[in-house]
Amino acid sequence: MFFLLGFGVFTEVIQFYMQETSNKNVGFIYHFYNPIEYILYAFLYLDFYISTKAKKTLLWSIPIYLIFAILGSLFVYGILDGKKDAHNHIIGDPLKVILPLYYLYELYNDDSQESVIILPMFWISVGTMFFFSLVAVFMSIRVELSSLDKELERTLHFWLNTVPNYVMYIMYSIGMLWHRQ
């Protein structure tokens with residue numbers, strides 16, 4: 001979780017700095033960020049899944065998603081042109097919703113008497129599902145939307161990316177601070 005959060009903040013800072021200091025589109029950063037983010041989420045959930053079959057499926061999803069991301073970056077959305085990578089959001093964001101959804105499914109089927117609200121991964125999963133559920137659709141159409149109506153794209157970016165991002169980090173904070181062992 002530490003690497004996931006650190007990598008996210010690091011990428012956002014670099015992207016913001018590059019965007020403010022140059023007029024170039026710096027969307028190419030996310031061609032690298034999104035696959036690495038998925039890998040970090042996958043390994044995070046790998047430790048919490050109970051089912052061996054789910055763990056194997058999760059491990060297989062990593063190289064399949066990487067192949068998809070590389071091919072999409074090279075042939076669909078030009079990484080060298082600095083375009084944003086809608087293809088990674090079209091596949092990656094729903095996968096990032098499925099990871100916590102399956103964890104919550106296993107948690108629901110667990111017969112232990114422990115309250116779920118004291119589990120850090122419960123809060124992390126809720127935050128992850130909330131954010132990626134909202135952002136998946138918006139980020140998938142963002143490239144086309146920005147060419148049609150830049151002001152609408154900015155407004156939707158705030159409400160469908162920035163605000164959910166804050167909510168996700170609040171949920172992460174609750175999870176990390178709620179029940180310290």
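The values are calculated or read from the model by the stated rules, or taken from the named source; none is laboratory data. All of these numbers come straight from a predicted model, not from anything done at the bench. Note that we place each Cβ from the backbone using ideal geometry, even for glycine, and neighbour counts take in every protein chain shown. Areas reflect the complete protein model, heavy atoms only, side chains present, ligands, DNA and RNA absent. Shrake-Rupley method; radii C 1.70, N 1.55, O 1.52, S 1.80 Å.
If R0 is taken as 22 Å, the Cβ-Cβ distance between PHE7 and TYR166 corresponds to a FRET efficiency of 0.75.
Here the Karplus curve 6.51 cos²θ - 1.76 cosθ + 1.60, taken at θ = phi - 60°, turns the phi angles of segment 112-118 into couplings of 5, 8, 5, 6, 5, 6, 8 Hz, with x standing for Gly and Pro. Can you tell me the FRET efficiency between LEU148 and PHE43 if r is taken as the Cβ-Cβ distance and R0 is 45 Å, rounded to the nearest 0.05? For LEU148 and PHE43, the calculated efficiency is 0.75. Span-like helix criteria (full DSSP H runs; alpha carbon extent of at least 15 Å along the helix axis; mean Kyte-Doolittle hydropathy of at least 0.5) are satisfied in the chain by 2-21, 29-46, 52-71, 120-148, 163-178. Looking at segment 27-179, the accessible area is 55 square angstrom per residue; that uses a 1.4 Å probe and ignores ligands, DNA and RNA.
In summary, segment 27-179 shows an alpha-carbon radius of gyration equal to 1.12 times the 2.2 N^0.38 Å reference for compact globular proteins.
Leaving ligands, DNA and RNA out of it, report the carbon-plus-sulfur percent of the accessible area of segment 27-179 at a 1.4 Å probe. The computed percentage sits at 72.
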